[in-house]
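Heads up, the thing below is written out as structure tokens.
The values are calculated or read from the model by the stated rules, or taken from the named source; none is laboratory data. None of these values were measured; they are calculated from a predicted model. Note: ideal-geometry Cβ built from the backbone for every residue, glycine included; neighbour counts use all protein chains shown.
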């Protein structure tokens, strides 16, 4: 049986998971791909800590270049995370003619185009199934099973930590801060979990999904991002009263010549399949012109699921190599990329329905003043809840609107927030009525 | 740009959908695979009816052999359904060295091994993404993205018609017969929808999923099947009171050297993600040793979703051919098949929790007599509902059990059904507490 040699750079959580899959399922992997997949070297700055799995110490090296320079290694697996070093190693490995597998979402979101072009230039394949959705094979599905479709809508719960936090806030009525502390203590969130809760991690993943749907990288900085830090249990409760759940959603829509792309908390109808994705699970909801709606659900992180995704890429490479093909697999699943890059429409141009929670003194004329400003900005109200109950000297006024323009909404809210009887900044959550 | 020529046999719903995808998305397909995909011939007994899409009449032929014998056709797409003719055409096409794409689940479930072996013998590839789950790319996901895993559990809602019927029975409290009539009138079910509601269609699909998970075909007749015809709105309501929904589930579990494989109505906890798959949607829930739980959800039938799946197979083939590979893609995603065929454990050997609905005369001693027989068969009761309300002269007695052996349950129920105060056959629904 032919053999394919792997070098792993980065022996942290995902590196150890990858090694564990390759070791534990060695035989079924060989049966499936028709090649022996062998780990030849593992590089990490720390080659002494116990990873909880048996590793031949001879495989370990402290120098990533030992992996990259090894002429017997066919595939370099980059699992160190971070951007600068990872980029350098990947480009060097490609230059040496090695295929690359990576789980690095930040790198691909920010430097994807450079990496994809390098793969093409050096004639090597690049796998990154593990960069989005952990154990959910969403990238493979988009490149293959769904590839006959023009993707119209993507909505993802792409960050497990923030979904866990929102689930706990919803189910227990707990405030954000106490759930965060609990999640950090349980090892479910980093301390502090900034990139998870501020929308950056989800936006990285959304950028990658968009590149596959459209065949070229997008400008990451143009993806609007807003985190979950301003949400309160009250907002989640009010959402529930209106028939919605609150999720941190990554949304992209094909607008023809432009693209909608944004990450923010959103209210979705309780009976939507995405509303029922709880705890640390991830899910990606897609609509295509032929397939209709599709959902993919699973564990978005963790040593074993992410290791499983890394190894699926290694297996695809092994299968490809076994055929002695005359070229590499195109990284984005497009042989011919679009001539012009896809541009993201600024969020100010978009429309949405909105939920507002105004915090106001309980005095006459408040509601009419707020409603007046909204009306002047062509924002039409569909429901109002005004509870008598005072919270810290003020009462919450909750409104749902019909579809309105984001730019108008931002102008109206900034005027409202200047009113003297407003006691706190207005909370705004976009409402996703469309599928 | 290179070109790949397609011949379609069968121009019904799926054939028309396939042609529609290839025509409407011609350009994005070429961008993605790097080849022009061209339909060269379409064979159908009826070449006159309007399919609602523009077709060059020169493509049409009444004779399938015109497609199979055409030396310029690279891929034969079999979409006539049924078993005998389809089998003949596929084997002939393979013999002529043509790659084959099919949506034919009955054929693969019953004659899969023969077809897989023929593909190997003639060195051609075989795609059948459309045979399970319509627009859900579950076969590709299992062959690629999940291929590093040992699959431990599969649970599928694989028949859209029966899921639609159960959803309507659950949401509206309507009886089976009236929902069936409604579904037939709406064109959502065939008349009569026998293979959909008796579990056969779901079992066909389960057999195909099992072959991919384990690398060889299974004996279809060994898959236990039970339909939804005996369920009443009362059973669904009682299930709801216990916290469950009723679904027609196709279940397979890896028992090590054997396999559990069965299709029957099952109760699943309301908060399980599968319990929230409604209407005509399909879903497949999988657990692997590394990836953990995964769910795939989408439209399991229909012209456009199924057409999208057929075309994804054509695209995979085109991508493969473009590399001028030294061999075909193995049909089951396994280069080396297991030496011995996987055997299915008879359902009598399995254990499950159960729901029973006994219909009994409202007389003293009934409950103790029933409970006695259950106890003698080591079936332990976890809950009982006995409502005073009489239905047609008898009262329903509802019981949930702890895990019990199927063979003991069948023996106990047949004894109970002989008791003189039993007015109707006992209804039994298996309860799926395990993920």
Being within 21 Å of residue A:420 (Cβ to Cβ) and touching a residue at least 24 places away in the same chain (Cβ under 8 Å) narrows A:376, A:403 down to just A:376
Discussion item. Looking for something within 13 Å of another protein chain (Cβ to nearest Cβ) and surrounded by fewer than 22 Cβ atoms within 10 Å (Cβ to Cβ) - is there at least one such residue anywhere in the stretch A:38-51?
Written reply: no
If you go through A:338, A:328, the only one that is assigned to a loop (DSSP other than H, G, I, E, B), within 8 Å of another protein chain (Cβ to nearest Cβ) and touching a residue at least 12 places away in the same chain (Cβ under 8 Å) is A:338
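So if I check each of A:145, A:112, A:134, which one is out of contact with any strand residue (DSSP E or B) (no Cβ under 7 Å at 6 or more places or on another chain) and either within 13 Å of another protein chain (Cβ to nearest Cβ) or under 29 Å from residue B:24 (Cα atoms) (or both)? Give the steps one after another, and end with the answer.
Details: A:112 fails: either within 13 Å of another protein chain (Cβ to nearest Cβ) or under 29 Å from residue B:24 (Cα atoms) (or both); A:134 fails: out of contact with any strand residue (DSSP E or B) (no Cβ under 7 Å at 6 or more places or on another chain).
Answer to the check: A:145.
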Condition set over 22 Å from residue B:180 (Cα atoms) and modelled with pLDDT of 95 or more, scope the stretch B:270-288, selection nearest to the chain's Cα centre (by Cα): answer is B:284
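Restricting attention to the stretch A:253-265, which residues are under 15 Å from the mean Cα position of the chain (by Cα) and more than 12 Å from residue A:350 (Cβ to Cβ)? Steps first, answer last, please.
Just the residues of the stretch A:253-265 that are under 15 Å from the mean Cα position of the chain (by Cα), to begin with: A:261-265.
Result: A:263, A:265.
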Within the stretch A:58-83, the residues that are within 24 Å of the chain's Cα centre (by Cα), assigned to a loop (DSSP other than H, G, I, E, B) and within 17 Å of residue A:16 (Cβ to Cβ) are A:79, A:80, A:81
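Report the residue count in the stretch B:317-345 for those that are over 16 Å from residue A:323 (Cβ atoms) and either more than 26 Å from the chain's Cα centre (by Cα) or at pLDDT below 95 (or both). Talk me through it step by step, then tell me what you get.
Going through the stretch B:317-345, the residues over 16 Å from residue A:323 (Cβ atoms) turn out to be B:332, B:337-345.
Those left that are additionally either more than 26 Å from the chain's Cα centre (by Cα) or at pLDDT below 95 (or both): B:332, B:337-343.
Matching residues across the stretch B:317-345 total 8.
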If we ask which residues in the stretch A:118-131 are within 13 Å of chain B (Cβ to nearest Cβ) and in contact with a strand residue (DSSP E or B) (Cβ under 6 Å, 6 or more places away or on another chain), their number turns out to be 3
Within the stretch A:288-316, the residues that are at the interface with chain B (Cβ under 9 Å from one of its Cβ atoms), part of a loop (DSSP other than H, G, I, E, B) and under 23 Å from residue B:272 (Cβ atoms) are A:302
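Each row is one residue, and each column tells you yes or no for (1) part of a loop (DSSP other than H, G, I, E, B); (2) touching a helix residue (DSSP H, G or I) at 6+ places or on another chain (Cβ under 8 Å); (3) surrounded by 24 or more Cβ atoms within 10 Å (Cβ to Cβ).
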| site | (1), (2), (3) |
| --- | --- |
| B:110 | no, yes, no |
| B:140 | no, yes, yes |
| B:153 | no, no, no |
| B:174 | yes, yes, no |
| B:178 | no, no, no |
By residue number, the members of the stretch B:184-226 that are under 17 Å from residue B:170 (Cβ atoms) and either assigned by TED's automatic domain parsing to the domain that holds residue B:357 or at pLDDT 90 or above (or both) are B:197
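Here is a yes/no grid of residues against (1) part of a helix (DSSP H, G or I); (2) outside the structural domain of residue B:208 (by TED's automatic domain parsing); (3) touching a helix residue (DSSP H, G or I) at 6+ places or on another chain (Cβ under 9 Å):
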{"position": "B:97", "(1), (2), (3)": "no, yes, yes"}
{"position": "B:101", "(1), (2), (3)": "no, yes, yes"}
{"position": "B:114", "(1), (2), (3)": "yes, yes, yes"}
{"position": "B:148", "(1), (2), (3)": "no, no, yes"}
{"position": "B:156", "(1), (2), (3)": "no, no, yes"}
{"position": "B:165", "(1), (2), (3)": "yes, no, yes"}
When residue A:276 is run through (1) over 30 Å from residue A:340 (Cβ atoms); (2) more than 14 Å from chain B (Cβ to nearest Cβ); (3) surrounded by fewer than 22 Cβ atoms within 10 Å (Cβ to Cβ); (4) in contact with a strand residue (DSSP E or B) (Cβ under 9 Å, 6 or more places away or on another chain), the failure sits at (2)
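For the stretch B:116-138, how many residues are part of a strand (DSSP E or B) and at pLDDT below 95? Steps first, answer last, please.
Just the residues of the stretch B:116-138 that are part of a strand (DSSP E or B), to begin with: B:126-127.
Then keep just the ones that are at pLDDT below 95; that gives none.
Of the residues in that region, 0 qualify.
Could you please let me know if residue B:285 is crowded, with 23+ Cβ neighbours inside 10 Å and at the interface with chain A (Cβ under 7 Å from one of its Cβ atoms)? It would help to see each step written out before you state the result.
Working: crowded, with 23+ Cβ neighbours inside 10 Å: yes; at the interface with chain A (Cβ under 7 Å from one of its Cβ atoms): no.
No; evaluated as a whole, the condition is false for this residue.
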For the stretch B:200-217, check the following and say yes or no: at least one residue is without any contact (Cβ under 8 Å) to a residue 24 or more places away in the chain, farther than 24 Å from residue B:387 by Cβ and out of contact with any helix residue (DSSP H, G or I) (no Cβ under 6 Å at 6 or more places or on another chain). no
inquiry  = Residues that are more than 28 Å from residue A:246 (Cα to Cα) and either assigned by TED's automatic domain parsing to the domain that holds residue A:261 or assigned to a loop (DSSP other than H, G, I, E, B) (or both): does the stretch A:342-352 have at least one?
reply    = yes
